[in-house]
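Following: one structure in structure tokens, then a few remarks.
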Amino acid sequence: GLFSYERNTLRRCCEEAPDCECSVETMEDSSPVLLPSATEGPAPEMPERAPRTPYWHRLSTYVWLLLGYPPLAVVHSLVCFISWILVFTIPVSKMSAQTLSVILLLPPEDILLSTSSHGKHQSYETRALLCCYHAANWYYYKYTVDGINVFAVNLLPLVIVALIIGYVDRENQYVSSEVKFATAISSIIPLSYYIGMGIASIAAQSNFAVGAVVNATFGSITELTFYITALLRGHWAANPCLQEVVKAALTGTLLGCILFIPGISMIIGGLKHSEQRFNSRSAGVSSALLFISVGGVFAPTLFSKAYGNLVCDACTNTTGGNSTSNGSGLFVCHNCHYDLKNGTLFRDHIQPLVYTVSALLPAAYIIGLIFTLKTHSHIYNIHVGEGQETRHHGTVVHWSRWRSLLILIVATVLMSACADLTTEHIQPILNQPNISQYFIGVTVLAMVPEIPEIVNGIQFALQNNISLSLEVGSCIAVQVCMLQIPILVFFNAFCDVGFVLLFSDQHMWASIFSVILVNYIFMDGKSDYFQGTALVVVYLILLALYYFAPSPAGC
């Protein structure tokens, strides 16, 4: 940084570097600074300097700018870029930028490199242009640019790269579909972060009603954009596999937010704080919403299992006969499924039940918002602002409303483009012979957009705020069931893309078991790393089930 006078250099350096152990009295020979001589003139006892040609009137200056400065500019720019991307070496990036923009453009006779701010240069008043302390620091993962985390800033160019290679190279002549898929799905991470921060900023400056509407409108836009794009592309291509992938992604988001986010937060928070306490009453409200959510979402599936007819494509008995033989014996049947389309069960019974549930779940979500944010907000320990949804982000960026709205709109448009590229190039990933499509849906497609929320949950746990960590996961899980799935149902009602709210047995029982387990964990109002380990191990077991599961029908 820039400092006014030499006598204050070390003191101000130490103030700017809180982790640097130094003092003005004891660090005279260990804190290198780059010092220019003052232009005001020498001290009275020094002889007067001879007149000299101004720096920008010399031929040597332009020779330096043409021959010496360019290669150093390339080197410092490269060092600055790499150090910034690595995040933990941001001090080196700042030093290189300062060197490139200031130091290398000063007259060389005015620059002195010294290891002491006192001593032989005491006759001149000087100012420090560079103060060198720690070159790297672990805590730079918290560094922000205009309130935006540095990782989100660094990942933003990835969005541009994904759009360029995705829409320019449509024939995959230069970049393969696998690379395009990985780039597009990764670009969703910073966009979901910007959407979340925009929501938090608007909600912080608005009343309860506006904050709730903005949260409900944009809170699920990341996932909904991908789901609707995938359903449309699957419908146009007559590919029923994408519908199963969407259902797997919905279930994967639900499982990850119920098990993994609270589990990993409990582990990391428990290792630092041994035992953490949270508000069991607020956790009970979340658990009740989860029970309502899962019960409503899987009610049509249970109904179809109870009243549907099981139909199989081919059956053979153990004696080698076919399904038309009258002999007795055990039969082996293949490709069995519940026949819903060919009868009146689906049209007259299951479909009305689906629409009824899809209308009741958003109503229950609105009542839950009113209860937790308005009428009974006192049961929560965390209050960021009046009427603000505190589940999304603990650090609120106070952008203006118009700026936040603009960021939300731009991020939503870019999200739609990236989701379109993801679904366009997902087929080579789904065609992998050794990986089940279920597994791809519940891991990559479900959890990559939730990475910012995972980081937030871990950060809250490290700050001994495990209550907010648990609320992060519960809020997303509730939104999946009470907002995202009903929206997909009504979208399918207006634009038939083949989405039917009937899940496989594995999705249903995994979700129900997870909700019961989490409710049991939340009962005592305490958390430690053992409880977190239990949740994460159960999550990994369920992932193993999906990994070894056969491919769904139509894939």
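The values are calculated or read from the model by the stated rules, or taken from the named source; none is laboratory data. Since the structure is predicted, the reported quantities are computational estimates derived from the model, not experimental observations. Positions of Cβ are generated from backbone atoms using ideal geometry, with glycine treated the same way; all protein chains shown enter the neighbour counts. Ligands, DNA and RNA are excluded from the accessible area calculation, which covers all protein heavy atoms including side chains. Shrake-Rupley method; radii C 1.70, N 1.55, O 1.52, S 1.80 Å.
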Distance in nm between pseudo-label sites at W236 and T344 (7 Å out along the Cβ direction from Cα): 3.9 nm
Accessible heavy-atom area order of E178, E223, E244, highest first, probe of 1.4 Å: E178, E244, E223
Solvent-accessible area of H134 with every protein chain in place, 1.4 Å probe, in Å² to the nearest 10: 80 Å²
Which of the pairs K180/K247; K94/K180; K247/K272; K94/K142; K142/K180 have their Cα atoms more than 26 Å apart in this structure? K94/K180; K247/K272; K142/K180
Have a look at L470, L517, I426 and report the one farthest towards the positive end of the charge dipole of the range 423-555, computed about the Cα centre with Cβ charges (Lys/Arg +1, Asp/Glu -1). L517
Please give the residues of the range 436-461, grouped as numeric ranges, whose backbone N is less than 15 Å from a label point set 7 Å along the Cα-to-Cβ vector of L545. 438-439, 442-443
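When the solvent-accessible surface of protein heavy atoms is calculated with a 1.4 angstrom probe, in what order do R403, R52, R233, R277 fall, highest first? Intermediate results must be reported in sequence, preceding the final value.
On the way: R403 100, R52 125, R233 65, R277 155 Å².
Output order, biggest surface exposure first: R277, R52, R403, R233.
Going from the alpha-carbon gyration tensor of the range 393-528, what semi-axes, largest first and in whole Å, does one get by taking the root of 5 times each eigenvalue? Numbers along the way, then the final one.
Working: eigenvalues 156, 122, 56 Å².
Working from the Cα gyration tensor, I get semi-axes of 28, 25, 17 Å.
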Prolate/oblate/rounded call for the range 406-471, Cα gyration tensor, a/c under 1.5 rounded: oblate
What nm value, rounded to one decimal, do you get for the distance between L72 and Q463 when each label is placed 7 Å out toward the C-beta? 4.3 nm
Taking only protein heavy atoms and a 1.4 Å probe, the highest-to-lowest accessible-area order of S176, S187 is S176, S187
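What whole-number value in Å² describes the accessible area per residue of the range 469-537 for a 1.4 Å probe? Provide the component values of the computation, followed by the final result.
Values: 2520 Å² over 69 residues.
Normalised by residue count, the accessible surface of the range 469-537 is 37 Å².
Once R0 is set to 22 Å, what does the formula 1/(1 + (r/R0)^6) return for the Cβ-Cβ distance between V175 and N431, expressed as a FRET efficiency to the nearest 0.05?
On the way: r = 18 Å, r/R0 = 0.82.
Efficiency, from the Cβ-Cβ distance: 0.75.
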